[in-house]
1. Using the alpha-carbon atoms, what tilt in degrees (0 to 90, nearest 10) does helix B:5-29 show relative to the longest principal axis of chain B?
2. If r is the Cβ-Cβ distance from A:Gln99 to B:Ala51 and R0 is 25 Å, what FRET efficiency results, to the nearest 0.05?
3. What average number of partner chain Cβ atoms lie no more than 10 Å from the Cβ of the residues making up B:108-121?
4. What is the diffusion coefficient of the range B:5-130 in µm²/s, taking the Kirkwood radius over Cα pairs and the Stokes-Einstein relation at 37 °C with a viscosity of 0.692 mPa s?
5. Please compute the modelled spin-label separation between A:Asn106 and B:Gln112, points set 7 Å along Cα→Cβ, answer in nm with one decimal.
6. How well do other chains shield peptide B:73-86, expressed as the mean number of their Cβ atoms within 10 Å of each residue Cβ?
7. Subtracting the Cα-Cα distance from 0.36 nm times the residue separation, let me have the gained length for B:Ala124 to B:Phe83 in nm, one decimal.
8. Could you work out the mean count of beta carbons from other protein chains within 10 Å of each residue's beta carbon in A:83-96?
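Just so it is clear, none of the values below were taken in a lab; they were calculated from the coordinates. All of these numbers come straight from a predicted model, not from anything done at the bench. Here Cβ is always computed from backbone atoms with ideal geometry, including for glycine, and neighbour counts include all displayed protein chains.
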Amino acid sequence: MSVQPVGAAGTSPVAPVAGLSPSLPPLAPDAAAGAEFAGALQQAGTGQGGLGASTIGRLEDLQRLQSTAGDLAVKAVTGQLADPSQYTIAATEATLATQMTVALRNKAVEAYSDIMRMQL
Amino acid sequence: MTTFPVFGVAGSGVAVYRKWLDAVSDNISNINTVRRSDEPAFQARYVMARATQLEPGVGGVTVGGIELGSAEGRLVHQPDHPFADADGNVRLPDIDLGSQMAQLMMAQRGYQANLAVVDRARDAYSAAIQIGRNQ
């Protein structure tokens, strides 16, 4: 999954409407914070140690745990397992890893949707 | 690096306590194994636990080895036993059933304690994953 970087240069300060709030100065965009946010997004988008790379790492970890649990399940039903807790513990770990990956994925999609819904 | 190291550590504890249960079971099942007086007696098995690191920075336990009890056992006078020697003696293992029962309780409770750790860790991690979940 890649998130397109949002350029800080694309936005312009909103001109104050005359007569609406004459006492307040126009809101100046926080340039430093904006550049920082854009940098973080760019890093996530290019996948260099960002969200993309960590998501792929997470999926590989999950796949390894799932295949371990699957192998142990086969061993358990064929009677090659000395201790049933080996399988149940591995299955618990795989379940938790799946839940965490799904939670992270949901949060990432939510963040992407929030950005896409942003009023420009 | 694993995400949930607790499961590996607790799992290694479960494995060690199960082997201890196996050893106690072996000792109790052979507590009346009779040998001839010129043969070594059945030797009790003792599981030696050893601390280890499953991976750097992550603890755990493993079976360091199995130690054997006395091969001398005890000589018991049973003249009518088929294995009895000229003096009417046979050799029985030097295993105390009371001590084995105490070890059985310790091994069982240790096994259960490690499984309780797995259970609590699962609850704790689940609660952490639930943070911020949409209603």
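1. 20
2. 0.20
3. Partner-chain Cβ atoms within 10 Å, mean over residues of B:108-121: 1.
4. 194
5. Taking the simple label geometry, B:Gln112 and A:Asn106 are separated by 3.6 nm.
6. 0
7. Computed gain between B:Ala124 and B:Phe83 is 8.8 nm.
8. So the per-residue partner count for this stretch is 6.
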